[in-house]
Amino acid sequence: MSKLLKLRASDGSIAQVHAHGAHVTSWIPAGGAERLFLSSKSEFRLGAAIRGGVPIIFPQFAAEGPLLKHGFARITAWQIMEVVDTPAGSQTARFELQDSSETQALWPHAFRAEFLVTVGGPALTLHLTINNSGSQPFDFTVALHTYLRVSDVSRVAVAGLRGLRYRDSAHGNTMHTEQQADITFQGEVDRIYFDTPSELSVLEADRSLRIRSQGFADTVIWNPGAEKSAALKDMESEGYKRMLCVEAANIGKPVHLAPGQQWQGVQELHL
């Protein structure tokens, strides 16, 4: 198992991050309950992705290119650079990943990635930066594959996507326009919404969560449903009932970076 870093803000809110993938696996707001889903069958080993939390998807989303699914960032060890307390009482950890002979063999580009995880108050803030440190331009797709913990996915709604175009990955990658004000979940849902607003809401019977993003144009909404959940070896058979992925992403239009340029994206989970 990789090194586990525990962050604690002055108000008692907590986050946990594994150096493996710079992967956030827990967020408990002060006095509250766990808000991220983590499968009890997750594999914490070299070369495997952790099922749940917030996987970092880079430099390729899913199978949208020639690389391995979802790229290599989520299965590579990141360096823990520092942990600092902010004047506001939050705590921030900074992680870094640079290209290596292993990444160059998969994706022949020089880069430096930085990931900041900040916990404190009613929020968990995730800040990803990608720098082109080489002499050639490159393109990439990217996402923060956030698994939210919910009490019952059949009683959850996501608001803020009405009128937007989406690609339905669960039904032949067909294109649609969202007609519903609130998206609900009965069976598998796997959609990429394009040009989404900077704030969405996840609504449950007794609580809600606001998801704010900057630098990400798209949003992925995913729940595997019963059949596909049962087929995942690192997911409990009933795990799909307690999770919902709302992912900040750039998929429809890959990010292009010239030498020396950088891209930044932020996702904030806010009570």
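The values are calculated or read from the model by the stated rules, or taken from the named source; none is laboratory data. As the structure is a prediction and not an experimental result, all values here were calculated from the model. Cβ sites come from the backbone with ideal geometry, for glycine too, and all protein chains shown count toward neighbours.
Worth pointing out:
- Test: Glu268 is of a type in the set (Asp, Glu), over 19 Å from Pro122 (Cα atoms) and in contact (Cβ under 8 Å) with a residue 60 or more places away in the chain: no
- The set of residues in segment 247-268 being of a type in the set (Asp, Glu) and either surrounded by fewer than 13 Cβ atoms within 10 Å (Cβ to Cβ) or out of contact with any Lys or Arg (no Cβ under 8 Å at 6 or more places or on another chain) (or both) consists of Glu247 alone.
- The sole residue among Ala15, Ala30 that is assigned to a strand (DSSP E or B) and either modelled with pLDDT of 95 or more or at negative phi (or both) is Ala15.
- Whichever residue in segment 221-269 is part of a loop (DSSP other than H, G, I, E, B) and more than 22 Å from Pro59 (Cβ to Cβ) and, among such residues, is modelled with the lowest pLDDT: Ser237
- Residues located in segment 52-77, provided they are of a type in the set (A, V, I, L, M) and either under 27 Å from Ala9 (Cα atoms) or surrounded by 12 or more Cβ atoms within 10 Å (Cβ to Cβ) (or both): Val54, Ile56, Ile57, Ala62, Leu67, Leu68, Ala73, Ile75, Ala77
- Output for segment 20-41, where each listed residue is closer than 24 Å to Thr76 by Cβ and not small (Gly, Ala, Ser): His20, His23, Val24, Thr25, Trp27, Leu36, Phe37, Leu38, Lys41
- Restricting segment 19-43 to residues that are surrounded by fewer than 16 Cβ atoms within 10 Å (Cβ to Cβ) and under 18 Å from the mean Cα position of the chain (by Cα), the residue that is nearest to Leu7 (Cα to Cα) is Glu34.
- Residues that are surrounded by 13 or more Cβ atoms within 10 Å (Cβ to Cβ), under 21 Å from Ser169 (Cβ atoms) and among the charged types (D, E, K, R), drawn from segment 197-239: Asp218, Lys228, Asp234
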